[in-house]
Amino acid sequence: MILRPQAKNFKTIGYYIGKILIGIGFAELIPFLVAIFLGEFEPALDFAIGASITLIFGFIFQIVFFTDRSIEKIEGLTITAISWLFAMFLAAIPLYLSGHWASYLDACFDSMSGLATTGLALVNDLDHLSISHNIWRHLLMFIGGQGIVIVALSFFTKGLSGAFSMYVGEARDEKILPNIIHTARFIWITSLIYFILGSSVLTLVGYFNGLSFFSSIFHGVCLFMAAFDTGGFTPQSQSIIFYHSWVFEVVTIFIMILGAVNFNLHYCLWYGRRREIFKDAETKTFLVSLGVLGLIVGLGLFSAHVYSDNLSFLRKGFYQLISAHTGTGYATLYAKQFISEWGDVALMGMILAMSIGGATCSTTGAIKLLRINVLFKTLVNEIKKAILPERAVIVQKIHHIKEIILNDKLVKASLLVILLYVTLYAVGALAGMILGYPFLNSLFESTSAAANVGLSCGITDPSMPNALKIVYIIQMWVGRLEFVSIFAILGVIIASLKGK
Amino acid sequence: MKSKLVLFLFISFCFVSLGFAQRVTSKELIENAAGYDLKEVVYQGEAIGEALERADHCWVNVHDGNAAVGLWLSQDDCSKINFFGDYNTTGDTIEIKGVFHRSCTQHSGELDIHVAELRVVEQGAKREHIFNRKKMNLFLVLFSVLCLLWILQILKLLQRKKSLRR
C-alpha cells in the first residue's frame with residue numbers, strides 16, 4: 001500500500017530547502033563583496049538584489065514550514081532534487097540582471113550549467129562581463145561540484161539519518177568517514193586546500209605567460225574552481241585558447257584529473273596510502289579507457305589528416321580527450337572545429353569518453369568508472385561461466401578502497417544506472433534531431449549536457465530553440481543528481497495522487 | 001573628361017583589389033579553416049583581454065563580434081594597441097593583414113594569424129557604467145522585506161525556546 005505524504009513531510013522538505021536557500025543567499029555575498037572592492041557598483045547591486053530575493057525565499061520557507069523533525073530518507077532525497085531547481089532559478093537572478101544573457105531562461109541555463117559543473121554557456125559578450133559576475137559563474141561550479149547540500153550538511157544539519165539521504169541524493173553514495181557530517185566537512189576542507197594550492201600555481205603560470213598581476217590572480221582563481229570541479233567555464237570566450245600556452249594546458253590537465261579522482265582516494269593520499277591509488281579499480285579503468293579512447297581519437301584524427309605533427313596532436317587531441325573524460329569541458333579548439341575538422345571516428349571517441357566520465361564520489365558526472373569496471377567484470381564472469389564446468393564457483397572481486405565481491409545486487413545497480421544514462425543521452429539526441437540538428441552533432445551535445453561535460457560542437461548558442469535549452473537544463477539536472485533524487489520526487493508525486 | 005576619370009578610378013580599384021588579401025570574419029576562418037590555411041587574410045575586430053608577451057612577439061586576441069582569434073604579432077605592432085576590451089574598457093578596433101594557419105606548426109597546432117601589418121581603425125575608450133536607480137529602489141524594498149522576515153524568524157525561534165523551557 002502506498003502511503004500518501006502528510007503535511008509534516010512537506011513541512012520538513014520546505015524547512016530544509018529554506019536552510020539551503022539561505023546558504024546560497026550568503027554565497028552571493030562573496031561576489032557582492034568582490035564587486036564593492038573593485039568598484040563594480042552596478043554588478044554589486046545585481047548581487048544585492050539576487051541575495052535579498054534568495055534570502056527572502058529562504059526565510060519564508062523556514063517560517064512557514066518551521067519544524068524540528070529530523071529528515072527521513074525520501075524527504076532527504078526530495079529536498080536535494082528540489083533545492084537544485086530553486087538554486088538554479090535564484091542563482092540566475094544576478095546573471096540576468098547583468099544584461100549579458102538574452103533571456104531569464106538563458107541565465108537559468110548557465111546557472112544550472114554552473115551548478116551541475118557542465119560548462120555549456122549562453123552568455124553574450126563574455127569578454128566584457130564584470131569580474132564579480134565571472135567570479136559568481138565560477139563559484140557556482142565550486143559550490144555545485146562539492147554539492148549544494150554538502151554546504152548545508154557541513155554547517156546547518158543535525159539529524160544524521162536524513163543527512164545521509166541528502167548526501168546520497170547528490171550522487172555520492174560512498175562515505176569517506178563514518179560520520180556523514182565529517183565526510184562533508186572533509187570534502188570541503190580538501191577542496192579548499194587544493195583551491196589555495198591550485199589557484200597559486202595557475203596565478204604564477206598566468207603571470208609568467210604575460211597576464212598582469214591582478215589578472216593572473218583572477219584567472220588563476222576562476223580556472224581552478226572550474227577545472228577542479230570539472231566544470232569548464234572560463235573568464236574569456238575562447239576557453240583555454242585565450243592563453244596560447246602549453247604550460248596552462250599541462251597544469252589544467254593535472255587539475256582536471258585531480259577533480260575526477262574519488263574523494264576517498266584523496267583521503268588515502270592525504271594519509272600516506274599512496275599505493276591505494278594504483279590498486280584502485282577506478283584508476284585502472286581510467287588508464288585502460290584513456291588508452292583505448294586515445295587510440296580511437298588518434299586513429300580518427302590521423303585518418304582525417306587533421307594535425308601534421310605529434311605536438312599538435314597532443315595539444316589538441318589529447319587535451320580534448322582528457323577534458324571530455326574528466327567531464328570538464330575546457331577546450332583548446334573552437335566548437336565548430338569538432339564537426340568541420342575532426343571527422344566521425346574521433347567524434348565517436350570523444351562521445352564515448354564524455355559518456356563514461358570520472359570516478360564515483362568525485363565532482364564529475366556521467367556513468368562513472370566504477371560502473372564501467374563492474375560491467376566488464378560481469379562480462380568476463382559470464383564468459384568464464386560458459387567455459388568452466390557447471391559446478392565451478394566463480395568469485396569475482398573488485399578492489400575499490402577495500403575488496404568488494406561482485407554480487408548480483410552491485411551488478412544490477414550498476415547496469416541500471418548505465419541504462420538510465422544511455423537513455424538520457426539518447427533522449428537529448430532525439431530532441432536535437434527533432435529540432436533539426438544532424439545526428440552526430442545532437443548526440444555529441446546531448447552527451448555533453450547529460451554527462452555534465454560542457455564541450456560543444458556548436459549547437460549550444462543563444463539562438464538555439466528554447467525547447468532544446470529546457471531539454472539540456474533537465475539533462476544537466478538529472479545527470480548531475482544521478483536519477484535517485486529525481487525518482488524520489490516522482491515517488492512523492494505518485495504517492496500524493498494515489499496514496500492512502 | 002569625367003567618364004575618363006571614372007574609368008581610370010575603376011581600373012585602379014580593380015588593380016589594387018587584386019593585390020589585396022582576402023577580408024575574412026572569424027566565423028569563416030573557424031568553419032572553413034582548411035580553405036584559408038596559409039593564405040593571406042585581412043581581419044578586423046576588437047582587441048580583448050590583454051597582450052600576452054612572448055620574447056620579441058606577443059599574442060593578442062581579437063574579437064569580431066562572433067568569436068575571437070589569436071594574433072601573433074611583433075612587439076612593435078603590439079605597442080600600437082592602447083586599449084584592450086574588458087568590463088571597464090572598449091578595446092581598440094584593429095585591422096590586420098597576415099597569414100592564417102589552421103594548425104600552426106610554429107605554435108603546435110594553434111589556429112592563428114601571423115600578422116604582417118596592423119593599423120588601429122578606431123581607438124578604444126573607457127566604458128561608462130550608468131548607475132541604475134530603478135535597481136537601487138528595488139533593492140531597498142527587498143532589503144526592507146528581508147529585515148522584516150529576519151526579525152520574524154528570530155521572534156519565532158525565541159518563542160520556541162520559551163515554550164521548550166516551560
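The values are calculated or read from the model by the stated rules, or taken from the named source; none is laboratory data. All figures in this text were calculated on a predicted structure; none of them were measured in a lab. Quick reminder, even Gly has a Cβ in these numbers, built from the backbone with ideal geometry, and neighbours come from all protein chains shown. Only protein heavy atoms, including side chains, enter the accessible area calculation; ligands, DNA and RNA are left aside. Shrake-Rupley method; radii C 1.70, N 1.55, O 1.52, S 1.80 Å.
Quick notes
- Residues A:L295 and B:S79, FRET efficiency given R0 of 56 Å [Cβ-Cβ distance, rounded to 0.05]: 0.75
- Coarse-grained scattering of the stretch A:167-287 at q = 0.23 Å⁻¹, given as base-10 log I(q)/I(0) from a Debye sum over alpha-carbon atoms: -1.29
- Number of partner chain Cβ atoms within 10 Å, mean per residue of A:51-60: 5
- D (Stokes-Einstein, µm²/s), Kirkwood Cα radius, the stretch A:262-344, 0.692 mPa s at 37 °C: 227 µm²/s
- Amide H contacts of A:S237 (H built 1.01 Å from N, under 5 Å, at least 5 apart or other chain): A:D127
- Gyration tensor analysis over the Cα atoms of chain B returns equivalent ellipsoid semi-axes of 57, 23, 15 Å (largest first, whole Å).
- Measuring max minus min along each principal axis, the C-alpha atoms of the stretch B:32-119 give extents of 36, 30, 21 Å (largest first).
- Measuring nothing but alpha carbons in the stretch A:314-359 and taking Rh as the Kirkwood radius, the Rg to Rh ratio lands at 0.94.
- A:M433 paired with A:I277, simple spin-label distance in nm, labels 7 Å along Cα-to-beta-carbon: 4.3 nm
- Using alpha carbons only: equivalent-ellipsoid semi-axes of the stretch A:1-109, gyration tensor based, whole Å: 32, 15, 9
- Once the Cβ-Cβ distance of A:K8 and A:V64 is raised to the sixth power relative to R0 = 22 Å, the FRET efficiency obtained is 0.95.
- Cross-link pairs A:K498/B:K161; A:K336/B:K39; A:K377/A:K500; A:K279/A:K385; A:K284/A:K409 - those with Cα-Cα distance over 32 Å: A:K498/B:K161; A:K377/A:K500
- Net charge of the neighbourhood of B:D37, taken over other residues with C-beta under 14 Å away and scored Lys/Arg +1, Asp/Glu -1, is -4.
- Against chain B, whose longest principal axis comes from its Cα atoms, helix B:133-165 is set at around 30 degrees.
- Rounded to whole Hz, the Karplus (6.51, -1.76, 1.60) HN-Hα couplings of the stretch A:232-241, x for glycine and proline: x, 5, 9, x, 10, 5, 8, 6, 7, 4
- Leading residue at positive end of dipole, chain B (Cβ point charges), from B:N88, B:H101, B:N132: B:N132
- GNM top mover of B:T105, B:T90, B:T25 - chain B, alpha-carbon springs below 10 Å: B:T105
- J(HN,Hα) series, the stretch A:420-433, from Karplus relation 6.51 cos²θ - 1.76 cosθ + 1.60, nearest Hz, glycine and proline x: 5, 5, 4, 4, 4, 4, 5, 4, x, 5, 5, 4, x, 5
- The calculated pair-distance distribution of the stretch B:74-166 uses every alpha carbon pair, bins of 10 angstrom beginning at 0, and gives 13, 19, 17, 11, 11, 12, 10, 6, 1 percent.
- Euclidean distance between Cα centres, the stretch A:408-427 to the stretch A:1-45, Å: 32 Å
- The protein assembly as shown - accessible surface per residue (Å², probe 1.4 Å): 44 Å²
- Accessible area buried by the pairing of A and B, both sides summed with a 1.4 Å probe, works out to roughly 4300 Å².
- Alpha carbon convex hull of the stretch A:356-413, projected area averaged over orientations, nm²: 4.4 nm²
- Residue-level accessible surface for B:L148, protein heavy atoms, 1.4 Å, Å²: 120 Å²
- Cα centroids of the stretch A:260-327 and the stretch B:45-108: 32 Å apart.
- In sequence order, calculated HN-Hα J values of the stretch B:47-61 (Karplus, 6.51, -1.76, 1.60; Hz; x Gly/Pro): 6, 10, x, 7, 6, 9, 6, 9, 6, 8, 10, 7, 9, 10, 9
- For the stretch A:187-222, a drop of 40 Å² or more in accessible area on going from the chain alone to the assembled protein chains (1.4 Å probe) is found at A:N209, A:G210.
- Pairs of Cα atoms in the protein assembly as shown fall into 10 Å distance bins, from 0 up to the last occupied one, in shares of 3, 15, 24, 25, 17, 9, 4, 2, 1, 0, 0, 0 percent.
- Charge dipole of chain A about the Cα centre (unit charges at C-beta), most positive-ward option of A:V205, A:G300, A:V374: A:V374
- Scattering curve values for the stretch A:338-496, log₁₀ I(q)/I(0), Debye with Cα scatterers, q = 0.16, 0.19 Å⁻¹: -0.95, -1.15
- C-alpha center-to-center spacing [the stretch A:200-220, the stretch A:118-137] in angstrom: 19 Å
- By a 1.4 Å probe calculation restricted to protein chains, B:W150 has an accessible surface near 100 Å², given to the nearest 10.
- Degrees, to the nearest 10: B:2-19 long Cα axis against longest axis of chain B: 70 degrees
- Built amide H within the under 5 Å cut-off of B:T89, gap 5+: B:R127
- Lysines whose Cα lies under 16 Å from that of A:K11, excluding same-chain neighbours fewer than 8 positions away: A:K19, A:K73, B:K156
- Per-peptide average of other Cβ atoms within 10 Å, ordering B:33-41, A:235-243, A:307-315, A:8-16 highest first: A:235-243, A:8-16, A:307-315, B:33-41
- Taking 0.36 nm per residue of separation and subtracting the Cα-Cα distance, full extension of the segment from A:L490 to A:K384 would add 34.2 nm.
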